[in-house]
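**Student:** The structure follows.
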Amino acid sequence: MYLNDSKPITPQQAYNGNFWRLRAELTRAKAESLNDEALKARLLKVATDYERLARRADVVQTEMKNLLKETWSV
């Protein structure tokens with residue numbers, strides 16, 4: 001995966017925590033390769049936001065699984 005890909009993400013990717021964690025990892029690696037401290041800080045903030053999205057995606061997946069279990073166990 002490249003960070004400069006221009007394809008829109010799919011719903012499966014949007015609700016996959018690992019997708020966002022990988023983006024965070026790649027963004028951090030890119031940030032660490034930079035000499036411009038302001039740009040590095042901005043990319044590290046983006047990586048932190050990707051981690052937040054990963055946690056949210058995990059919560060949504062768990063909630064959906066629980067909802068499906070409740071729905072089908074009735």
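Each reported figure results from applying straightforward, stated rules to the coordinates on display, with no laboratory input. On a predicted model such as this, the values are computed, not experimentally measured, just so you know. No Cβ is skipped: glycine too gets one built from the backbone with ideal geometry, and neighbour counts run over all protein chains shown.
**Student:** Which peptide among 9-19, 50-60 comes first, and what is the full order, when sorted by highest mean count of other Cβ atoms within 10 Å?
**Tutor:** In decreasing order of mean packing, 9-19, 50-60 become 50-60, 9-19.
**Student:** Mind counting lysine pairs for me in the chain? Cα separation below 23 Å, and the two need to be 8 or more apart along the chain or on different chains.
**Tutor:** So the count works out to 4.
**Student:** Report the rotationally averaged projected area of the chain based on its alpha-carbon convex hull, in square nanometres.
**Tutor:** Its Cα hull, projected and averaged over all orientations, spans 5.3 nm².
**Student:** Below 8 Å, C-alpha to C-alpha, sequence gap of six or more: please give me the relative contact order for the chain in percent.
**Tutor:** 36
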